[in-house]
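Notes for the one structure printed next.
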Amino acid sequence: MPGTYDFEDLILTLSTPFYICLIGLEIFLTYKTSHEELAKRPAYSLKDTLTNATLMLLNGGIDLLFRAAYVGVLIWFYNFSFVEPISNPYWYWLALFLAEDLAFYTLHYVDHHCRLFWAVHVTHHSSEHFNLTTGFRSSVFQPLYRFIYFIPLALVGFNPADIIVMYSITQIYGIIVHTEYVGKLGWLEYIFVTPSHHRVHHASNVRYLDKNMGMCLIIWDRIFGTFQEELPSDPPRYGLTKQMEQRGIRQTIFHEWQAIGEDFMQPASFATKLKYLLKAPGWSPDGSRETSKDLQRKLADVTSAIGRQPSDDLSNNSKSRQAIANSQ
């Protein structure tokens with residue numbers, strides 16, 4: 001599909017200077033901040049930014065190497081499509097946008113709720129910074145399975161070339177919501193994923209875990225119960241519930257796989273080991289660790305007991321902090 005590659009090249013050509021300008025502006029705003037405020041939590045660090053760039057290049061390299069295979073699979077399924085393509089081009093592209101955004105929501109939900117896929121996706125959440133370059137902190141191995149979620153789109157008559165182009169376009173939006181310098185956006189908050197929504201998604205606060213999964217549209221989260229508003233009383237703390245001890249590229253990519261390997265070494269049945277792999281991050285057979293839903297139930301119990309939202313997150317309690325640290 002040479003035409004597709006040409007259009008993707010055009011998207012890359014146009015988006016690269018756009019990203020550079022936005023990142024430059026964000027860096028300027030960051031270091032225009034007072035020294036006292038900057039010392040609390042700098043938005044940028046050189047090492048973190050270089051890590052983001054490296055992970056992006058690794059992801060892009062795997063995507064290019066694997067592209068012929070996954071495009072071939074999509075074309076094969078497209079040949080068996082059982083729905084006539086939408087003839088009106090405007091309705092066709094709108095329908096593709098909605099369908100692909102829902103497909104991405106599903107992919108993202110599974111990435112957060114199945115430890116096998118969380119082990120891939122965790123790299124995107126591993127930074128304690130939140131800025132535009134965090135959007136490039138890619139889940140390195142995701143191109144090896146992401147296309148599976150687009151197979152239904154091919155079966156209902158969307159051309160694989162168009163699916164790939166739409167994903168490239170929506171990725172641009174998915175990157176620019178990684179910023180702290182845009183507040184809430186009024187009525188747009190009800191329809192689109194905004195920076196405020198995505199700050200929640202990257203936060204490790206208990207009530208924010210596994211929320212706001214959409215790429216462009218927040219409507220899926222509102223429909224399926226994964227929406228959470230950013231609360232002034234609970235500012236986001238970025239990164240993982242248990243931060244990595246080492247922060248090299250190898251550790252960033254493989255640390256969760258190493259943890260899975262350690263669980264596999266425990267004396268347990270094959271069924272239990274399979275559950276370590278397929279259940280939510282934090283699951284354990286004896287309940288000694290907790291998933292995000294376990295922690296959120298505890299938070300809900302506290303909220304119910306005191307009759308209001310706690311003024312601070314459960315994770316500020318030392319006992320709960322340890323429970324959270326052991327959850328993922």
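With Kirkwood radius over Cα pairs in Å defined as stated, name the option among [x] 21.3; [y] 19.4; [z] 20.7 computed from the structure displayed.
[x]
Give a residue-ordered list of calculated ³J(HN,Hα) values for the range 202-211 (Karplus: 6.51 cos²θ - 1.76 cosθ + 1.60, θ = phi - 60°; whole Hz; x for Gly, Pro).
8, 7, 9, 4, 3, 5, 9, 5, 6, 10
Grab every C-alpha pair in the range 57-99, bin the distances at 10 angstrom width from 0 up to the longest one, and report whole percents.
23, 33, 34, 10
About the Cα centre, and with charges only on the beta carbon of Lys, Arg (+1) and Asp, Glu (-1), how big is the dipole of the range 86-217? Nearest 20 debye, please. Kindly include the intermediate steps, with their values, before the conclusion.
Details: 7 positive and 8 negative charges, 47 e Å.
About 220 debye.
Please go through the range 42-121 and write out the chymotrypsin sites (Phe, Trp or Tyr not before Pro) that DSSP classes as loop and that have at most 14 other C-beta atoms within 10 Å.
Values: sites: 44, 66, 70, 76, 77, 78, 80, 82, 90, 91, 92, 93, 97, 104, 105, 109, 117, 118; in loops: 44, 80, 82.
The qualifying sites are 80, 82.
Using modelled amide H (1.01 Å from N, peptide plane; none on Pro or chain starts), what sits under 5 Å from the amide H of residue 238, excluding residues fewer than 5 places away?
Residues meeting the criterion, in which the H sits 1.01 Å from N, are 204.
Can you compute the FRET efficiency between residue 53 and residue 293 using 1/(1 + (r/R0)^6), with r the Cβ-Cβ distance and R0 = 41 Å? Round to the nearest 0.05. Could the numbers behind the result be given before it?
On the way: r = 34 Å, r/R0 = 0.83.
Step by step, r from the Cβ atoms, then E = 0.75.
Can you compute the equivalent ellipsoid semi-axes for the range 146-190, i.e. the square root of 5 times each eigenvalue of the Cα gyration tensor, sorted largest first and rounded to whole Å? Spell out each step's value before the answer.
Values: eigenvalues 173, 29, 15 Å².
After diagonalising the Cα gyration tensor, the semi-axes are 29, 12, 9 Å.
Taking 21 Å as the cut-off for C-alpha to C-alpha distance, list the pairs among 242/279; 242/298; 211/273; 32/211; 184/293; 211/293 that go past it.
On the way: 242/279 18 Å; 242/298 18 Å; 211/273 27 Å; 32/211 31 Å; 184/293 26 Å; 211/293 11 Å.
Long pairs (Cα-Cα over 21 Å): 211/273; 32/211; 184/293.
Run the dipole for the range 2-224 about the Cα centre, Lys and Arg Cβ at +1, Asp and Glu Cβ at -1, nothing else charged, and hand back the magnitude in debye, nearest 20. The partial results should precede the final answer.
Working: 13 positive and 18 negative charges, 116 e Å.
Roughly 560 debye, rounded to the nearest 20.
Apply the Karplus parameterisation 6.51 cos²θ - 1.76 cosθ + 1.60, with θ equal to phi minus 60°, to every residue of the range 71-82 and state each ³J(HN,Hα) to the nearest whole Hz, in sequence, with x for glycine and proline.
Listing the rounded values in order: 5, x, 5, 4, 5, 4, 5, 4, 5, 9, 4, 10 Hz.
Cut-off 10 angstrom, C-alpha nodes, Gaussian network model of the chain. Which of 237, 250, 297 fluctuates the most?
250
For residue 249, what is the net charge nearby, where nearby means another residue's Cβ is under 13 Å from its Cβ and Lys, Arg count +1, Asp, Glu -1?
On the way: positive: 47, 137, 247, 250; negative: 48.
Neighbourhood net charge equals +3.
No lab work stands behind these numbers, since they all come straight from the coordinates. Not measured: the values here are computed from a predicted model. Don't worry about glycine lacking a Cβ; one is built from the backbone with ideal geometry, like all the others, and counts go over all protein chains shown.
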